[in-house]
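Participant: Following this message is one structure expressed as structure tokens.
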Amino acid sequence: MKLDKKDQQLLNALQDNARTSVSELAHSVSLSDTPCLRRIKKLESANVISGYHAAINPKAVDLNVSVYAFVRLNQNSVAAAEQFEQQAEKLDHVLECSVISGCYDYLLKIVAADLESYESFVKHKLGSIDCIANIESTVVLKQAFTKRHLPLA
């Protein structure tokens, strides 16, 4: 889908605050309500807008540790990849799962209450996935910043 300037303005406004009313959005991009809503629906239908979410501070809900885990599978096959992805998606503490190039097959972003909880998670949940050959973890010492805005121009 080709985005015009109004679409980009709408997307930027929604990235700032997805709870903004249609009237406020329309006003901010110099449209009336109906064309604005029509554009939003079109962006949703085209999967440009894939959802609306609340940004929750992990520490406020006792998830004080972030870890990036590099995972290598025991075989390079479609079956092993599908098995891993299906099982990893079921693990609540895994926030992101990316297929990567290099020595490892996947990069996971994981949250836990503390290092002891993370160790338990690796031993009893993640480590119990049969097709995993190796897990290497990197603990985040400090999150310097997180950008939630995509650069839309």
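The values are calculated or read from the model by the stated rules, or taken from the named source; none is laboratory data. Values in this document were obtained by computation on a predicted structure and should not be read as measured data. Quick reminder, even Gly has a Cβ in these numbers, built from the backbone with ideal geometry, and neighbours come from all protein chains shown. We work out accessible area using only protein heavy atoms, side chains counted, and drop any ligands, DNA or RNA first. Shrake-Rupley method; radii C 1.70, N 1.55, O 1.52, S 1.80 Å.
Participant: Where does the Debye-calculated log10 I(q)/I(0) of the range 78-153 sit at q = 0.23 Å⁻¹, using only Cα point scatterers of equal weight, no solvent?
Facilitator: The Cα Debye sum returns log10 ratios of -1.21.
Participant: Under 15 Å from the Cβ of Asp62, count the other residues' Cβ atoms, weight Lys and Arg +1, Asp and Glu -1, and hand me the total. Please report the intermediate quantities before stating the final value.
Facilitator: Numbers: positive: Lys59; negative: Asp92, Asp114, Glu116.
Cβ neighbours under 15 Å give a net charge of -2.
Participant: Same structure, new question: What part of the accessible area of the chain, given as a whole %, is carbon or sulfur when the probe is 1.4 angstrom?
Facilitator: Details: 5350 of 10500 Å².
Percent of accessible area from carbon and sulfur atoms in the chain: 51.
Participant: Can you grab the distance from the C-alpha centre of the range 108-135 to the C-alpha centre of the range 139-153, Å, no decimals?
Facilitator: The two parts, judged by their Cα centres, are 24 Å apart.
Participant: Work out, step by step, the length gained on full extension between Thr146 and Ala18: first 0.36 nm times the residue separation, then minus their alpha carbon distance; give nm to one decimal.
Facilitator: On the way: separation 128, 0.36 × 128 = 46.08 nm, distance 1.76 nm.
Contour length minus Cα-Cα distance gives 44.3 nm.
Participant: Can you give the calculated 222 nm mean residue ellipticity of the chain, where each DSSP H run of n ≥ 4 adds -39,500 (n - 2.57) and the sum is split over every residue, rounded to the nearest 500 deg cm²/dmol?
Facilitator: My calculation for the chain gives -10500 deg cm²/dmol from helical runs alone.
Participant: Sticking with this one: Kindly flag which residue pairs out of Lys6/Lys147; Lys59/Lys123; Lys41/Lys147; Lys59/Lys109; Lys59/Lys142; Lys5/Lys41 have an alpha-carbon separation exceeding 19 Å in this structure. Don't skip to the answer; put the middle values down first.
Facilitator: On the way: Lys6/Lys147 22 Å; Lys59/Lys123 23 Å; Lys41/Lys147 25 Å; Lys59/Lys109 15 Å; Lys59/Lys142 12 Å; Lys5/Lys41 16 Å.
With Cα atoms farther than 19 Å apart: Lys6/Lys147; Lys59/Lys123; Lys41/Lys147.
Participant: Roughly how many nanometres apart are two label points built 7 Å out from the Cα toward the Cβ at Val99 and Thr34?
Facilitator: Once both label points are built, they end up 4.5 nm from each other.
Participant: Near His124, within a Cβ-to-Cβ distance under 15 Å, what is the net charge of the other residues, with Lys and Arg +1 and Asp and Glu -1?
Facilitator: Numbers: positive: Lys90, Lys123, Lys125; negative: Asp92, Glu116, Glu119, Asp130.
Counting the neighbours of His124, the net charge comes to -1.
Participant: If you don't mind, another one. Please work out the Cα center distance from the range 13-51 to the range 74-95, rounded to the nearest Å.
Facilitator: What the calculation gives is 35 Å, centre to centre.
Participant: Any chance you could list P(r) for the chain, counting all Cα-Cα pairs in 5 angstrom bins from zero, rounded to whole %?
Facilitator: Percent of Cα pairs in each bin: 2, 8, 15, 15, 12, 11, 12, 11, 8, 5, 2, 0.
Participant: Evaluate E = 1/(1 + (r/R0)^6) for Gln83 and Ser117, where r is the Cβ-Cβ distance and R0 equals 22 Å; express this FRET efficiency to the nearest 0.05. Spell out each step's value before the answer.
Facilitator: Details: r = 25 Å, r/R0 = 1.14.
After rounding to 0.05, the efficiency reads 0.30.
Participant: Please calculate how many Å² of accessible area the chain carries per residue, with a 1.4 Å probe and no DNA, RNA or ligand atoms counted.
Facilitator: Working: 10500 Å² over 153 residues.
Counting only protein heavy atoms, the per-residue value for the chain is 69 Å².
Participant: Quickly rank 51-58, 128-135, 62-69 as a protection proxy: mean count of other C-beta atoms within 10 Å, highest first. Kindly include the intermediate steps, with their values, before the conclusion.
Facilitator: Working: 51-58: 8.5, 128-135: 14.4, 62-69: 16.6.
Top of the packing list down: 62-69, 128-135, 51-58.
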